[in-house]
Amino acid sequence: SGMSMGSMVGVPYLAAVARIKAAAIGLCGTSGDTPGRGTIGQVLIHTAPQVTVPLIFMLQWDDERFMREGAFHLFEMLGSRDKRLVAHLGAHGEMPPEGRAQARAFLAERLKA
């Protein structure tokens, strides 16, 4: 599980490590102020299709660091057949408690199997 920076590091990690069984990621994307400062947008584009684990992707609708379209782009590129997109209103750091609960519930359900 990793949001924002955790997803920028996590997507390449998920692509490279086969032992991971499920993931909760998000608050990240291929465009916006944060990915525009370096090459992470291109790294995400390159590695996302290799991510095949079940995952939940969290999105803040009014995120000021990652453009909504870039978050949608990243979500679409993720190679998992079992993936969920969950959006909440608010800025980057305003994910509501139920968003974190949804991510934990998704992981618990997938890891039980």
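Computed from the coordinates by the stated procedures, all read-outs in this text should not be read as laboratory data. Just so it is clear, the model here is predicted, and its values are computed rather than measured. Quick reminder, even Gly has a Cβ in these numbers, built from the backbone with ideal geometry, and neighbours come from all protein chains shown.
Odds and ends about this structure:
- Pair-distance distribution of segment 1-50: all C-alpha pairs, bin width 10 Å, starting at 0; shares per bin in whole percent are 28, 58, 13, 1.
- The slack in the chain from D62 to E76, taken as 0.36 nm per residue of separation less the alpha-carbon distance, amounts to 3.1 nm.
- Tail fraction, Cα-Cα pairs, segment 41-92, threshold 18 Å, whole percent: 30
- Amide H to amide H, with H built 1.01 Å from N, G79 comes under 5 Å of Q50, V51, counting only residues 5 or more places away or on other chains.
- Divided by 2.2 N^0.38 Å, where N counts the residues, the Cα radius of gyration of segment 71-111 comes to 1.29.
- Loop-located trypsin sites (Lys or Arg not before Pro) in segment 71-110, at most 15 other Cβ atoms within 10 Å (DSSP): R81
- Long-range Cα-Cα pairs in the chain (distance over 22 Å), rounded percent: 24
- Sequence-distant residues sharing a close amide H with I56 (under 5 Å, placed H): A23, A24, I25, R84
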